[in-house]
Amino acid sequence: MALHDSIRYENGTLMMDALPMADLVAKTGTPVYLYSLKRALHNLHAIRTAYSGLTVEVHYSAKANGCLAVLRALIQAGAGIDAVSAGEIHRALTAGATPQQIVFAGVGKTPDEIRYAVGQGVGWFNVENVDELHQLQQAATDLGRDAVPVALRLNPEVTASTHPYIATGHGGAKFGLTAEVIRHVLAHQAQYPRLRFGGLHVHIGSQLGDTAATVAAVSRAQELLAPYPALRMLNIGGGMPAVYRQGQALPAFSDFAAALRPLLRDYHVILEPGRAIIADAGVLVTTILYVKKQAGQTLYIVDAGMTELIRPALYEAVHEFVPLRSFEGNIHRAAQVVGPVCESSDVLGQEVMLPELRPGDRLAILTAGAYGMVMASNYNARPRPPEVVVTAQGNSAFVARARETWEDLLRGEV
Ligand code: LLP
């Protein structure tokens, strides 16, 4: 099981830091997301330690988990934010980030979003389109801003070892600019007098299975920057993986840092980790509603589904399930854990090894802190779940976001 110091059994009780999960969910009921700030801060620290000795800034990728309490904790610990929409910039500012601490990325920024971000004075624009440069130049002119910081996003034409839905660096992907276009833009920087070109951005995908493709991508970016010694900012994106299953062979933070270290010495480096910081700091707790034995299998029908956690349905992602109270010595059996949503893809886990459980028993779905709540939907008119945060000290908790209500679901409709 992908357990660790912050999420572990103590005398048969599943804990988040110093608190039994059973107590944490008592306040809100289920389904509910629980986050350990201690674990998220531990991960941030581990990433910084791996890259120590280099000039590295960590900009947490808010798309992975935008809970204000999570953002606040990471910002207070000195992290910047990687935002992909004006909404995320607004969220980051609300959580206490300064505009300069924010990088604004995204393949389809709208003119309004660009003006908003220029007006706020965000720290970096990761630009993926030549027309976007013109818009940025125009917004800067209209708003009387100078030296708007730009990193051009390179599509390095490398194939990341990950699920095809979350690979972004191959030729033909919608992301980034080709090397040819980047060469051209860099040779004509004077066409954009209100912009300051600082370097390049490259992000080849998420949940990366090796370091080699990242090294290749960074090398390509550096070839493009070689003629411009003044351009020494390199944003190498996110992508460092989380361990979803015990024993999974994945590169560690230290493996990425070791492979990249020789390349990064003379650069000001930005990292945009999302999953690596928050995935294993979060669980989704669900309650078994019904047990059905059918077609030779045991089905656990639970109160969470693809509306709360879409990763299994969308990416065939595998998450581990553990009961809130351990059942030592019981025979484990392969069961299917399914949600209540009217879709055959609403299966949270296949062939899950679990003890014989009864309605009312609770399960924690592990490694659900990243791309869980942020991708939750209201399909089937299901209110989105609450989020409970265990503080950095590990001994107290608060409801960071309430469960949505039926009234919330009707808001804005006539
Ligand atoms: N930077 C850029 C430009 C990105 O596109 C992403 C993620 C990140 C940073 C953060 O990547 P991370 O460190 O979290 O791997 N919903 C999918 C993941 C989508 C990732 C999108 N981009 C999932 O649940 O697996």
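The values are calculated or read from the model by the stated rules, or taken from the named source; none is laboratory data. The structure displayed is predicted, hence computed values, not measured ones. Don't worry about glycine lacking a Cβ; one is built from the backbone with ideal geometry, like all the others, and counts go over all protein chains shown. SASA here: full protein model, heavy atoms, side chains in, ligands and nucleic acids out. Shrake-Rupley method; radii C 1.70, N 1.55, O 1.52, S 1.80 Å.
Close Cβ contacts (under 7 Å, 6 or more residues apart or on different chains) running from residues in the stretch 140-152 that are in the same structural domain as TRP124 (by TED's automatic domain parsing) and surrounded by fewer than 13 Cβ atoms within 10 Å (Cβ to Cβ) to residues that are in a strand (DSSP E or B) and among the basic types (Lys, Arg) comprise ALA147/ARG196. When residues in the stretch 349-378 are screened for being in contact (Cβ under 8 Å) with a residue 60 or more places away in the chain and out of contact with any helix residue (DSSP H, G or I) (no Cβ under 8 Å at 6 or more places or on another chain), 11 of them pass.
Filtering the stretch 125-151 to residues that are away from the ligand (no atom under 13 Å from the Cβ) and part of a strand (DSSP E or B) leaves VAL148, PRO149, VAL150. Of all the criteria given as (1) more than 15 Å from the ligand (Cβ to nearest atom); (2) surrounded by fewer than 18 Cβ atoms within 10 Å (Cβ to Cβ), the one not satisfied by ARG245 is (1).
Residues that are of a type in the set (Phe, Trp, Tyr) and either within 26 Å of the chain's Cα centre (by Cα) or within 16 Å of the ligand (Cβ to nearest atom) (or both) within the stretch 163-206 comprise TYR165, PHE175, listed in sequence order. Being under 30 Å from GLY119 (Cβ atoms) and either within 15 Å of the ligand (Cβ to nearest atom) or crowded, with 23+ Cβ neighbours inside 10 Å (or both): is that true of GLY209 here? For GLY209, the condition - under 30 Å from GLY119 (Cβ atoms) and either within 15 Å of the ligand (Cβ to nearest atom) or crowded, with 23+ Cβ neighbours inside 10 Å (or both) - is not met. Looking across LEU348, LEU354, LEU363, one residue alone is among the aliphatic types (A, V, I, L, M) and farther than 30 Å from GLY239 by Cβ. It is LEU354. Scanning the stretch 88-119 for residues that are part of a helix (DSSP H, G or I) and open to solvent by 50 Å² or more (accessible area, probe 1.4 Å) gives HIS90, ARG91, THR94, GLN100, PRO111, ASP112, ARG115, TYR116. Selection of the stretch 53-88 for residues being among the hydroxyl-bearing types (Ser, Thr, Tyr), within 14 Å of the ligand (Cβ to nearest atom) and touching a residue at least 40 places away in the same chain (Cβ under 8 Å) yields TYR60, SER61. Taking the stretch 220-240 as the range and being without any contact (Cβ under 8 Å) to a residue 60 or more places away in the chain and either loosely packed, with under 15 Cβ neighbours inside 10 Å or assigned to a loop (DSSP other than H, G, I, E, B) (or both) as the test, the residues that pass are GLU223, ALA226, PRO227, TYR228, PRO229, ALA230, LEU231, ARG232, ILE236, GLY237.
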